[in-house]
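All remarks here apply to the structure that follows.
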């Protein structure tokens with residue numbers, strides 16, 4: 001990461017704090033548009049709660065549709081934070097520095113949005129309490145603790161709590177910078193003084209902060225793997241639905257989550273670079289490194305996808321083959337299937353093979369949007385075709401068609417995550433200031449004899 005020009009501490013503070021201190025009209029205009037979309041989605045959800053879940057396209061035998069598809073999708077997006085921050089922090093990859101904060105914050109907001117989807121899907125959210133906790137002891141009615149649907153919220157909530165703690169520990173030095181940049185006696189300074197927990201930047205505090213970051217990075221990795229594995233158990237443990245009961249689902253879901261999550265971070269970084277003028281911090285070399293990473297992740301995902309598809313045919317079960325035939329030969333499912341495979345792997349990987357595209361922010365965004373369109377379709381094509389072939393009813397004239405209510409709510413979730421990211425950018429910088437300053441020190445080189453070495457030597 002040697003392509004950028006050297007920046008002083010003053011330049012870094014001024015450049016990365018402009019998202020907090022400047023009030024641009026286009027920023028607030030975009031927030032207003034996103035807020036209107038979110039309010040529309042809230043109105044659609046309220047209408048569904050009032051009229052009943054019959055206003056959606058859900059019906060027998062397809063009881064899961066857009067809502068559960070969106071739940072799995074946002075859980076997948078949340079894996080970007082651990083991949084880009086925890087794993088790359090432990091591996092000491094220098095190019096991770098501008099991307100870590102955005103990935104961590106995207107993780108938190110994606111998880112919050114994902115947790116809303118089962119509540120909305122229930123149609124009566126207040127009844128979820130009775131499904132999670134024991135009730136009616138007189139009749140001995142309890143939740144089935146062996147069900148993945150019970151462990152799913154436990155794992156997601158654990159992941160959310162650990163991600164928030166991970167973000168907050170990394171935020172402490174930057175909160176102190178904002179405190180010091182605020183006017184003495186102002187409300188802003190008082191708020192950030194409390195939020196930074198008395199951070200003064202002495203050696204002891206830095207040592208504790210680094211140790212806490214490394215420990216949290218290591219401890220969050222098992223949660224990272226378990227969350228999407230348990231989400232996959234929601235499907236793989238259902239024997240009645242063909243094409244679901246597959247033992248390869250846990251690793252298949254995890255690698256797919258990393259694929260969609262890293263692609264979402266690339267989109268976020270490109271928008272931040274364009275919106276706040278952070279060309280000196282988010283450079284072409286960072287997009288190049290992310291593109292190389294995505295080629296590896298996408299190829300790993302495609303390997304699991306091929307195995308999952310072929311294993312479904314290998315058993316020669318009539319019901320399993322019927323689902324695959326339904327998915328690949330009947331319109332519109334065959335067109336959706338071809339779109340999903342092309343947009344998830346062949347189109348983006350074909351673009352990332354060229355260095356010029358990897359180093360171009362616009363084309364990287366195009367490729368990553370393609371990935372997330374494909375990954376959303378992947379979850380949809382796992383859920384609906386299997387349920388549609390679960391059992392045949394004589395009075396069923398169609399499988400599943402989403403209603404305007406569902407489409408409005410789904411659009412609202414995307415607007416909600418974008419709006420929360422923008423609002424968070426007005427509170428703390430979405431590129432870690434202390435991390436960028438550390439990178440400036442570590443990239444300084446000195447001449448020792450005949451060799452040029454980094455000025456700071458770190459023990460591994």
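Nothing in this text is a laboratory measurement; each read-out follows from the coordinates by a stated rule. Not measured: the values here are computed from a predicted model. Glycine gets a Cβ as well: all are built from the backbone with ideal geometry, and neighbour counts include every protein chain shown.
Distance between the modelled labels on residue 316 and residue 299, one decimal in nanometres: 3.5 nm (7 Å Cα→Cβ projection).
Footprinting exposure proxy ranking of 267, 321, fewest other C-beta atoms within 10 angstrom first, gives 321, 267.
Determine, for 82, 231, 191, 405, the number of other Cβ atoms within 10 Å of each Cβ, and report the residues in order from fewest to most.
Details: 82 28, 231 25, 191 15, 405 20.
With the fewest neighbours first, 82, 231, 191, 405 line up as 191, 405, 231, 82.
Normalised Debye scattering of segment 195-246 at q = 0.13 Å⁻¹ gives log10 I(q)/I(0) of -0.55, counting only Cα atoms as equal scatterers and leaving out solvent.
Sorting 174, 288, 9 from the fewest to the most surrounding beta carbons within 10 angstrom yields 9, 288, 174. Using the Cβ-Cβ distance between residue 334 and residue 245 with R0 set to 35 Å, the FRET efficiency from 1/(1 + (r/R0)^6) comes to roughly 0.90.
Between 0 and 90 degrees, the angle of helix 249-276 with respect to the longest Cα principal axis of the chain falls at about 50 degrees. Working ranking of peptides 29-39, 104-114 by packing, defined as the average number of other Cβ atoms within 10 Å per residue, highest first, is 104-114, 29-39. With N counted as the residues of the chain, its alpha-carbon radius of gyration over 2.2 N^0.38 Å works out to 1.05.
Calculated from DSSP H runs of 4 or more alone, at -39500 (n - 2.57) each and per residue, what is the 222 nm mean residue ellipticity of the chain, nearest 500? Before the final figure, lay out the partial values.
Numbers: 18 runs with 305 residues, N = 460.
After summing the helix terms and dividing by residue count, I get -22000 deg cm²/dmol.
For segment 216-288 versus segment 9-82, the spacing of their alpha-carbon centroids is 17 Å. For the pair residue 208 and residue 94, label points projected 7 Å from Cα toward Cβ lie 3.1 nm apart.
Compared with the dominant Cα axis of the chain, that is its longest principal axis, helix 404-425 is turned about 10°. Relative to the dominant Cα principal axis of the chain, helix 284-314 is inclined by about 20°. Which whole-number percent is the relative contact order of the chain (Cα, under 8 Å, 6+ apart)? The normalised contact order for the chain reaches 30 percent.
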